[in-house]
Amino acid sequence: MALRIQKKLFELLRLHGEETYPHECCGVLVGEFDEADGRVVRSAVKCGNTRTDSPENRYHISPAELVRIQREAALAGHDIVGFYHSHPDCAAEASSTDLAEAHWTGCSYVITSVENRKAVVTNSFLLRGTEEAKHFDDKVIEVY
Amino acid sequence: MPIKVLIPTPLRPYTGKQSAVEVTAQTVGEALNNLVAQHPDLRKHLFAEDGKLRSFVNVYLNDEDIRYLAKDATPATESDTITIVPSVAGGV
């Protein structure tokens, strides 16, 4: 149930966190679910952070952008398999806010810590359960 | 008049794994009601107990958020696509 991602896409999402530092970056991971319930990322789509009131510690992706990405993914025979964002000067761990605001059960939430404009650690968390009883599971990222 | 409703990944366990469902309706509200009539397990994931859409559920008619149209009463035709998108947010 790992998240598999090509090195160039992995580097792209980490670089995005460096570009937007000290603000949080965010984006969508598009790809496929494989037979073993793993996720294979085929593209990483950069999004704007609409939380202009507090971009250094919050992110939000415009639903309109999600609609467009979901539609384009479907046309390519793909799905939204996850999301990514950065934690400027903070650990690459899912925060209570991350969990409270996560609603895409079965999808991966990838978090990169960025310190002094340098991407450090990238972790992946799989959202499980139901809205009333949800949790994140730590998952391996396979970079190939 | 069938209207296509696109189902996001987290809600597909409640639509028999279908990524799109066709419903017959004249309005977006009617389309959503017919959708949950076809797939009753979906109801509590879309609607709160008061019958309103859950706060984190966004519904779009083509490229427009129905909150900024006529909400449930927004007219829909067979050339339209309704997309359900849960919100994506978080932070440190």
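A few points about this structure:
- Grouping the Cα pair distances of chain B into 10 Å bins from zero gives a pair-distance distribution of 17, 55, 25, 3, 0 percent in increasing distance order.
- Nonlocal amide H pairs with A:C26, under 5 Å, H built at 1.01 Å: A:C47
- Note on region A:51-102 and region A:1-39: Cα centroid distance 11 Å, given to the nearest whole angstrom.
- Counting other Cβ atoms within 10 Å as a rough exposure proxy, the listed residues B:L46, B:L35, A:L99 run A:L99, B:L46, B:L35 from fewest neighbours to most.
- Folded to 0 to 90 degrees: helix A:7-20 orientation relative to chain A principal axis, Cα: 30 degrees
- By the beta-carbon count within 10 Å of each Cβ, the least crowded to most crowded order of A:C25, A:C90, fewest first, is A:C90, A:C25.
- Peptide A:72-83 has a mean of 2 when you count, residue by residue, the C-beta atoms of other protein chains within 10 Å of its C-beta.
- If the Kirkwood radius is taken over C-alpha pairs of region A:1-121, then at 20 °C and 1.002 mPa s the Stokes-Einstein diffusion coefficient equals 149 µm²/s.
- Of all DSSP beta bridges confined to the protein assembly as shown, the antiparallel ones make up roughly 75%.
- Residues A:S108, A:S43, sorted so that the one with the fewest Cβ neighbours within 10 Å comes first: A:S43, A:S108
- In degrees, nearest ten, helix A:63-75 long axis to first principal axis of chain A (Cα): 30 degrees
- Loop trypsin sites (Lys or Arg not before Pro), region B:4-92 (other Cβ atoms within 10 Å of the site Cβ: 10 or fewer; DSSP): B:K17
- The protein assembly as shown - Rg over Rh from alpha carbon coordinates, Kirkwood radius: 0.97
Values in this text are rule-based calculations from the coordinates and carry no lab data. All of these numbers come straight from a predicted model, not from anything done at the bench. Cβ sites come from the backbone with ideal geometry, for glycine too, and all protein chains shown count toward neighbours.
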